[in-house]
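Participant: What follows is a structure written as structure tokens; I'll ask about it next.
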Amino acid sequence: MTSTTAPPADSRVARIRETFRELGCAQLRDAAPDYVEVLAWPLVSRTPGLHLAGPVYPVATANDMLPVLQALDAAAPGDVLLATNTAEYSEALAGDVLSTAAVAQGLGGLVVHGAVRDLGFIAELGLPVFSTEVNIISAKTAQVPAAELPMSVTVPVVGADGPRPLELSPGDWLFGDDDAVVAVRADRVSPVLNAARLLRSQEEKLRDAVRGGIRLSEACGLHDYLAGRGPLKMDV
Amino acid sequence: MERQDFYRTFSGILRTIRAPREFPDPAPDDNLWDLGHLDSFAMVELLIHLEELTGQEITLTADSLRNFHTMERIYDSYFAKEAA
């Protein structure tokens, strides 16, 4: 773990991060499928077990570190830096130095559509990092003009008929765990988190009942439901 | 917001959320989960409406998590102080 003292995220961001630590992407999606968008990129957590939560600070680049360095500099403590590499072949957009800087600035995590590297080093930082690829070859620097920030990026999200585009702007939120990375609009974060907590508390009642020896069919009212006498309480 | 106004408003929100399914309006102390008024799909919509009613983000505490089951408790948790 790093000994760097990072600046704190604001109290709302810190509270939401703390709340999400007790939950997961599955709970968010279950609680609010209309407001929780699952990123359709094949993202892999490079730091298994760590939860990612924070307002997104997006940047797009084509194998050039300059826009990423600009975005890192502009991001606020608690933000999740989302770097999308538009090049067909992705060189690494994050490694030991950039990840260390992200920790020092108090960022909430890194999500890279493209490659990262130095996985062994990153694993020790306590910073949630997700990427679609790993490549030891680093992206170049300053071969493109400076980016205009802040910017929005379009990401593919899971839809009923296949991936569809979703524009992410600074302030929208990303959440991630070992299962997935999901996006939530800024003004829906609070109700989604609260609904997930309430859902979880209902699920805990079911689990407690089953642990206590009650059959799941009884605890969730299966027979009454099948007989048309009541709701199926599994559908909490 | 007065208690009876809240109950009417809340019941209206539930009807909107549950449409086209129809449920009788709950009594103030009815358990909304056990009677099928609330489930995962209804919950987030209800919270969005409640945040609009209160004009602020709702922060659930351990207490309010336990009490978010009846209209009576929801009113007591988020509206009673303001009405007093």
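Participant: So which residue, out of B:39, B:30, B:63, gets the largest mean-square fluctuation from a GNM of chain B using Cα contacts under 10 Å as springs?
Facilitator: B:63
Participant: Plugging the Kirkwood radius over Cα pairs into Stokes-Einstein for the stretch A:21-90, at a temperature of 20 °C and a viscosity of 1.002 mPa s, what D comes out in µm²/s?
Facilitator: Rounded, D is 151 µm²/s.
Participant: Hey, with R₀ at 30 Å, roughly what FRET efficiency would residue B:80 and residue A:204 work out to, going by the Cβ-Cβ distance, to 0.05?
Facilitator: Efficiency computed from Cβ-Cβ geometry: 0.65.
Participant: Related question: Taking amide H positions as placed in the peptide plane 1.01 Å from N, state which residues far from residue A:62 in sequence (5 or more) or on other chains have amide H under 5 Å from it.
Facilitator: Residues meeting the amide H criterion: A:86.
Participant: Pick out which of B:38, B:50, B:65 has the largest mean-square fluctuation in a Gaussian network model of chain B, springs linking Cα atoms closer than 10 Å.
Facilitator: The residue that fluctuates most here is B:65.
Participant: Order of A:159-166, A:49-56, A:27-34, A:111-118 by packing, highest average Cβ count within 10 Å first?
Facilitator: So the peptides A:159-166, A:49-56, A:27-34, A:111-118, ranked by packing, come out A:111-118, A:49-56, A:27-34, A:159-166.
Participant: Let me ask another. Can you tell me which lysines have their Cα less than 28 Å from the Cα of residue A:140? Leave out same-chain residues fewer than eight positions away.
Facilitator: In chain and number order, there are no partners.
Participant: On the first, second and third principal axes, largest extent first, how far apart are the outermost C-alpha atoms of chain A in Å?
Facilitator: 69, 42, 31
Participant: Let me ask another. Which three extents, in angstrom, do the Cα atoms of the stretch B:1-61 have along their principal axes, listed largest first?
Facilitator: Extents along the principal axes: 29, 25, 22 Å.
Participant: Next question, about the same structure. Excluding residues fewer than 8 places away in the same chain, name every one of the aspartates and glutamates whose C-alpha is closer than 12 Å to that of residue A:233.
Facilitator: In chain and number order, the partners are A:203, A:218, A:224, B:34, B:39.
Participant: Which FRET efficiency value, to the nearest 0.05, is calculated for residue A:10 and residue A:137 with the Förster distance at 30 angstrom and r the Cβ-Cβ distance?
Facilitator: For R0 = 30 Å, the calculated efficiency reads 0.25.
Participant: How many nm is it between the label spots at residue A:89 and residue B:30, if each spot is 7 Å from the Cα in line with the beta carbon?
Facilitator: 6.6
Participant: Could you list A:96, B:34 in order of exposure, starting from the residue whose Cβ has the fewest other Cβ atoms within 10 Å?
Facilitator: B:34, A:96
Participant: Between residue A:217 and residue A:149, how many nm apart are label points set 7 Å from Cα along the C-beta direction?
Facilitator: Those two pseudo-labels are separated by 5.9 nm.
Participant: Next question. Could you work out how far helix A:65-74 tilts from the main Cα principal axis of chain A, as a 0 to 90 degree angle to the nearest 10?
Facilitator: The angle comes out near 60 degrees.
Each value in this text was obtained by applying a stated rule to the coordinates, not by laboratory testing. The structure displayed is predicted, hence computed values, not measured ones. No Cβ is skipped: glycine too gets one built from the backbone with ideal geometry, and neighbour counts run over all protein chains shown.
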